[in-house]
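Student: Starting off with a structure, shown below.
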Amino acid sequence: MKHLTVIIFFLFFSSAIFAQDEPKNLLNELAELVDDLTGLDLDFSTATFKSTRIMNGHSVERMPHGQLDFRISHRFGKINSGAYEFFGLDQANIHLSLEYGITKWLMVGAARGNYEKTFDGFAKFTLARQSKGSKSFPISVSLLSTAAVRTVKPINPSETISFSSRMSYVEQLLVARKINQNLSLQIMPTYIRRNFPEADPADLLALGAGGRIKLAKRVSLNAEYYYQFNPGTYMSQQVYNPFSIGLDIETGGHVFQLIFTNSTAMIEKGFIGETTGSWGKGDIRFGFNISRVFSFR
């Protein structure tokens, strides 16, 4: 395991250091070495989830090597805002991202959303994959590491906010199992660090659970829920546990997700730590994710 960790970090940093010196050959050689050490010549489970997201949160899936995912995520306003706001459709939050598979086990992404005018990035490492055979393994495991900076201007124009005070970080372990062809389950232990002063608490712990039930050949029902162990408040407002439910629809080169959620934000630090809407009060938002994949291999 120590050797595997060294190789993972060496590969991650070498992809930047040797970006102009035949990176493809170097990355492929190192990826093959990782495959040898981890025994990736097994019969792996595929399509535990159809997208790199369950609903709002990440799934264990990652982009294959050499493929780019352009994602558009959209959340409207609260349905209970009434006819004057066209039941939330007059309001909108959008998140645009580019996500790329660097190797067989590493993907990265960069994005920008209009929620607090936030820029974010992430790296997702595949640590283990569910497999069967003489060396079977019962689960798939991925590690997600994210960083985000919000650039919204302070309410008081004279107030100065340092760059570090705008930052937030998330570490998340994604553990999933494909029970059968129609059912997949995942749990997500999560740690969030928020440096901005109005976040109470600054360090947030949560445990997520999600799943997928296949309804038809190209349609599945997905849901996810995050329990916050120390929710606190955000902007002096009560924070609720986020719950999302919806459909995955495969349409050729797209995966189209229809979502109902009580969250506005579409990144972990936001929908876990800053959800101020309640399902019990009818604070439900309709939204969607569109994923379009391009291959560069």
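Student: Please work out the FRET efficiency for the pair Ala83 and Met167, using the Cβ-Cβ distance as r and a Förster radius of 51 Å; give the result to the nearest 0.05.
Tutor: 0.80
Student: Between helix 2-17 and the chain, what is the angle of the helix's C-alpha long axis to the longest principal axis, kept within 0 to 90° and rounded to the nearest 10?
Tutor: Helix 2-17 sits roughly 70 degrees off the main axis of the chain.
Student: Average projected area of the Cα convex hull of the chain, in nm²?
Tutor: For the Cα atoms of the chain, the hull's average projected area reads 17.3 nm².
Student: Calculated from DSSP H runs of 4 or more alone, at -39500 (n - 2.57) each and per residue, what is the 222 nm mean residue ellipticity of the chain, nearest 500?
Tutor: -4000 deg cm²/dmol
Student: Go ahead and run the numbers for FRET between His254 and Leu221, Cβ-Cβ distance against an R0 of 22 Å, rounding to 0.05.
Tutor: 0.75
Student: A further question on this structure: Quick one: Ser45, Ser165, fewest Cβ neighbours within 10 Å first, how do they rank?
Tutor: Ser165, Ser45
Student: How do Met107, Met63 rank when sorted from fewest to most other Cβ atoms within 10 Å of their own Cβ?
Tutor: Details: Met107 26, Met63 20.
So the ranking, lowest neighbour count to highest, is Met63, Met107.
Student: In the structure shown, do any of Lys132/Lys217; Lys50/Lys153; Lys104/Lys135; Lys50/Lys269; Lys135/Lys178; Lys124/Lys153 have a Cα-Cα gap over 28 Å, and if so which?
Tutor: Among Lys132/Lys217; Lys50/Lys153; Lys104/Lys135; Lys50/Lys269; Lys135/Lys178; Lys124/Lys153, the Cα-Cα distance tops 28 Å for Lys50/Lys153; Lys124/Lys153.
Student: Which residue, Met167, Met55, Met235, tops the fluctuation ranking in a GNM of the chain built on C-alpha contacts under 10 Å?
Tutor: Met235
Student: The stretch 188-284: percent of C-alpha pairs farther apart than 19 Å?
Tutor: Tail of the P(r) past 19 Å holds 45 percent of the pairs.
Student: Report, in degrees rounded to the nearest 10, the 0 to 90 angle that the Cα long axis of helix 23-38 makes with the longest principal axis of the chain.
Tutor: That works out to roughly 80 degrees.
Student: Between Tyr169, Ser59, Phe286, whose Cα lies farthest towards the positive end of the dipole of the stretch 45-295 when Lys and Arg beta carbons carry +1 and Asp and Glu beta carbons carry -1, centred on the Cα centre?
Tutor: Checking the options against the dipole of the stretch 45-295, the answer is Ser59.
Student: Nearest 20 debye, what's the magnitude of the dipole of the stretch 86-147 about its Cα centre given +1 on Lys and Arg Cβ and -1 on Asp and Glu Cβ?
Tutor: 520 debye
Student: Which longest run of the chain has no exposed loop site in it, a site being chymotrypsin sites (Phe, Trp or Tyr not before Pro) in a DSSP loop with at most 10 other beta carbons within 10 Å, and the site itself not part of the run?
Tutor: Details: sites that count: Phe163, Phe229, Phe296.
Value returned for the longest uninterrupted segment is 1-162.
Quick note: the coordinates plus some simple rules give every number you see, no bench work behind them. Only a predicted model underlies this, so the values are computations on that prediction, with no experimental measurement involved. Cβ sites come from the backbone with ideal geometry, for glycine too, and all protein chains shown count toward neighbours.
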